[in-house]
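A quick write-up on the structure given underneath.
Coordinate-derived values only; no laboratory data. What you see is a predicted model, and the numbers here were worked out from it, not measured in a lab.
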């Protein structure tokens, strides 16, 4: 199974709330087929009720932002708002998001279909994204964050990554990022100490595969930098890398 297919299988397992091992039969499928399956599962209700969501979106435009946000929280709930969000003009949705309580907004993020909400995500102000990030980190919603990464501007991803101090959390999120090339700017933004923490954390924990997948798509200069830093780690960590990925870019 390719690295991209592995990521899609993880995403589907997280979406269904089951252990990835239970979806072993998906290993025969390619990444693009699994991506289509994931999007179909996530969007099923949205497509079935498209006309209703379109009418709700038009109706919400007639309400003051504060009132619309109150109705969203007290009467509609996060699942319905997540389905409705892609049908709202991005600027309007961003204004509504600023009126929602942080916990409710994080609930919405859990049920959002990022592939359908890229314009909205790009329109959200940095402060709102940061607040939501901290809420999701506190809940351990790594799959949610990893799936959103590809829909955000690179500068936004880099800034948000800088707000995550725990290397284990960074690796857990990276495991759910499909096209890890979008993480190249993040790698460049990290100083040597941050990179060493990631390398060491991967060697000591269960997140080695995510970092191996990332290093495989880094630019040669980035790979050389990581390789030189890996050489400075304690011998047990270097051995763990050699045993886990003898043919990887950092081997």
Quiz item: Using helices alone, what [θ] at 222 nm do you get for the chain, with -39,500 (n - 2.57) per DSSP H run of 4 or more residues, divided over all residues and rounded to the nearest 500?
Solution: -20000 deg cm²/dmol
Practice problem: Just need the relative contact order of region 6-121 here, percent rounded to a whole number, with Cα pairs under 8 Å and 6+ apart. | Solution: 24 percent
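Work the Kirkwood hydrodynamic radius out for region 114-154: mean of 1/r over every pair of different alpha-carbon atoms, inverted, in Å.
Numbers: mean 1/r = 0.0949 Å⁻¹.
In region 114-154 this quantity evaluates to 10.5 Å.
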Practice problem: Using only the alpha carbons of region 138-251, determine the length spanned along each of the three principal axes and report them from longest to shortest in whole angstroms. | Solution: 36, 29, 23
Quiz prompt | Within a Gaussian network of the chain (alpha carbon springs, distance under 10 Å), most fluctuating of 16, 96, 183 | solution = 16
Quiz item: Mind checking which of 119, 19, 89 has the largest fluctuation in a GNM of the chain, springs on alpha carbons under 10 Å?
Solution: 19
Quiz item: In nm², what is the average projected area of the convex hull enclosing the Cα atoms of region 1-47?
Solution: 3.0 nm²
Quiz item: Counting pairs of Cα atoms in the chain, how many percent are more than 23 Å apart?
Solution: 53 percent
Quiz prompt | Relative counts (whole %) of C-alpha pair distances in region 1-129, using bins that are 5 Å wide | solution = 2, 10, 19, 20, 16, 13, 9, 7, 3, 1, 0
